[in-house]
Amino acid sequence: MANLRSIKDRITSIKNTQKITRAMKMVAAAKVKKAENAVKASRPFTLELYKMFSWVYSEALKNQFDKVKTSSGLENYPALLEKRDAKTIGIVVVSSNKGLAGAYCANIVRYSLNMIKEYIAQGKKVVVYFVGQKAVPAIKSAQAQYDFKIKKTYTNILDGINSSSAFIVASNLADDYIAGEIDEIHLVTTRYKNMMTYKTESWQLLPTITDTNKIKEFQDKELDKELNIEHNEHKIEPLSEYLPSINSVLSTLVPMFITNVIFQSLLEAQASELASRMTAMSAATNNATDMISTLTIEYNKARQANITQEITEIIGGSSALN
């Protein structure tokens, strides 16, 4: 009886866990479609903004940047466009605030630590920023082995992703960049592909990306087919005019560009996290079903063995009386 009770308790426990995993799967499934739509809606704008910035920046290099007097680092576009010797690297790790998403956070942590190790091996200092708190403990524990600094953790940004939250991160990073605390900034995020797939990668934020090949990586070929978008090579015409001036255009374009890159990285990360959680909870639910089936068979076998033993004992006792 003790064995039967133990098996029955395990079945009950697994059924309760299965209810939780099934509910989490349904919640993630309901949210991931909305997150996927947000990513797809944002990508065309992000890509075109990358192209526009690349064109304008290339043209601006032929001119002298205006001097800007402002207390906001994000508005000081000449300083943000200034390239210098990268002695201190800033790494912004975009993870999540919740767990139970399979290997999602583990992949981000592994990728980020590899970046940190690589830069330290090159003799560079590393400063880490976190968006989301799940990656913090694992990366923080590596400080005992590698010398790097953790500057700031943003815990509420992922609760409601919008341009304002991206602007907050962009402003802080721009201030640190202009103050000379960091010379180069990279974002570690996950590019969403579909419900089953995402890719962990890094995007260079400052100095701002102008590499055409890197910009092309933001093209979503599957989405382009859905929207009937054709990408042609655009070139700046020699007689292009920037009104009222190219510096005025840059003063608006640079903050928009930096903020949008961060915003896009947050959207991609959110969709990837939800898809990973939905997949993980689906697998957990299916595993629970298999375990319940196996334990039920084991329970029935044990119960049958007990009944057989009881019948044998009754027959044996009856024979003894006779």
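Bear in mind these aren't lab numbers, they're just calculated from the coordinates by the rules spelled out. In this text, all values refer to a predicted model and were calculated from it rather than measured experimentally. FYI the Cβ positions are ideal-geometry reconstructions off the backbone, even for glycines, and counts take in every protein chain you see.
The table below gives the values:
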{"read-out": "The stretch 1-44-the stretch 79-134 distance, computed between alpha-carbon centres (Å)", "value": "30 Å"}
{"read-out": "Counting DSSP beta bridges with both ends in the stretch 30-278, the antiparallel % (nearest 5)", "value": "35 percent"}
{"read-out": "Low-density loop positions, trypsin sites (Lys or Arg not before Pro), the stretch 69-135 - DSSP coil, at most 11 other Cβ in 10 Å", "value": "Lys69, Lys83, Arg84"}
{"read-out": "0 to 90° range, to nearest 10: angle between helix 104-121 axis and the chain longest Cα axis", "value": "50 degrees"}
{"read-out": "Order of Ile314, Ile11 under a 10 Å beta carbon neighbour criterion, fewest first", "value": "Ile314, Ile11"}
{"read-out": "Entries of Lys40/Lys199; Lys87/Lys134; Lys34/Lys98; Lys51/Lys151 with Cα pairs more than 21 Å apart", "value": "Lys87/Lys134; Lys51/Lys151"}
{"read-out": "With 10 Å bins from 0: P(r) over the chain, alpha-carbon pairs, percent", "value": "5, 21, 25, 19, 11, 6, 5, 4, 2, 1, 1, 0"}
{"read-out": "Label-to-label distance, nm, for residues given as Ser6 and Asn162 (7 Å Cα→Cβ offset)", "value": "5.6 nm"}
{"read-out": "Nonlocal amide H pairs with Phe130, under 5 Å, H built at 1.01 Å", "value": "Val93, Lys152, Thr153, Tyr154"}
{"read-out": "Gain in span if fully extended, Ile297 to Lys15, counting 0.36 nm per residue against the direct Cα distance", "value": "100.0 nm"}
{"read-out": "Cα centroid separation - the stretch 248-273 against the stretch 280-306, whole Å", "value": "48 Å"}
{"read-out": "Per-residue ³J(HN,Hα) for the stretch 160-167, Karplus 6.51 cos²θ - 1.76 cosθ + 1.60, θ = phi - 60°, Hz, x for Gly and Pro", "value": "x, 6, 7, 5, 5, 5, 5, 5"}
{"read-out": "Backbone N within the stretch 1-30 under 13 Å of label point (7 Å from Thr308 Cα along the Cβ vector)", "value": "none"}
{"read-out": "J(HN,Hα) series, the stretch 45-62, from Karplus relation 6.51 cos²θ - 1.76 cosθ + 1.60, nearest Hz, glycine and proline x", "value": "5, 4, 5, 5, 5, 4, 4, 4, 4, 4, 5, 5, 5, 4, 6, 5, 4, 7"}
{"read-out": "Which of Asp159, Asp183, Asp66 has the fewest Cβ neighbours within 10 Å, and the rest in rising order", "value": "Asp159, Asp66, Asp183"}
{"read-out": "Distant-in-sequence amide H partners of Ile185 (H built 1.01 Å from N, under 5 Å)", "value": "Gly90, Leu205, Leu206"}
{"read-out": "Karplus-derived HN-Hα couplings along the stretch 126-131 (A = 6.51, B = -1.76, C = 1.60, θ = phi - 60°), whole Hz, x at Gly and Pro", "value": "10, 10, 10, 10, 10, 10"}
